[in-house]
Amino acid sequence: MNLHYRVAHVAERLAEGDCGELGVRAEIRGDTVLLTGTVPSAGCREDILRVAREELAGVPVHCDIVVAETTPPDHPEELT
């Protein structure tokens, strides 16, 4: 199956999935796929990786997905 088609299918599943993730990109880099973006939780990141590995079985997948820090700061910022 065409790798471009498989990557497009990953994007569809991510948009329709529990995370509804539209901010993650899947890009073909040679014979591998690179996932990039920012997600709200580690669980969401794991769901995205699971979907990508299911759809792209046999293709190396590299993940540069960052989990956003959503906790409030524990001290005030000092401005000078």
- Item | Cross-chain or 6+ apart pairs with Cβ under 8 Å, the stretch 39-68 first and more than 24 Å from TYR5 (Cβ to Cβ), then of a type in the set (Ser, Thr, Tyr) and part of a loop (DSSP other than H, G, I, E, B) | PRO40/THR70; VAL67/SER41
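Quick grid of which residues meet (1) surrounded by 10 or more Cβ atoms within 10 Å (Cβ to Cβ); (2) at pLDDT 90 or above; (3) among the polar types (S, T, N, Q); (4) outside any loop (DSSP other than H, G, I, E, B):
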site: VAL7; (1), (2), (3), (4): yes, yes, no, yes
site: ARG13; (1), (2), (3), (4): yes, no, no, yes
site: LEU22; (1), (2), (3), (4): yes, no, no, no
site: ALA57; (1), (2), (3), (4): no, yes, no, no
site: CYS63; (1), (2), (3), (4): yes, yes, no, yes
site: PRO76; (1), (2), (3), (4): no, no, no, no
- Query: Mind checking which residues of the stretch 28-43 are small (Gly, Ala, Ser) and part of a strand (DSSP E or B)?
  - Reply: GLY37
- Task: Select from the stretch 44-77 the residues that are more than 20 Å from ALA8 (Cβ to Cβ) and small (Gly, Ala, Ser) and list them in ascending order.
- Result: ALA68
- Message: Can you tell me which residue is modelled with the lowest pLDDT among those in the stretch 39-52 that are surrounded by 13 or more Cβ atoms within 10 Å (Cβ to Cβ) and in contact with a strand residue (DSSP E or B) (Cβ under 7 Å, 6 or more places away or on another chain)?
- Response: VAL39
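The values are calculated or read from the model by the stated rules, or taken from the named source; none is laboratory data. Worth saying up front: this structure is predicted, and the values here are computed from it rather than measured. Cβ: placed from backbone, ideal geometry, glycine included. Neighbour counts: every protein chain shown.
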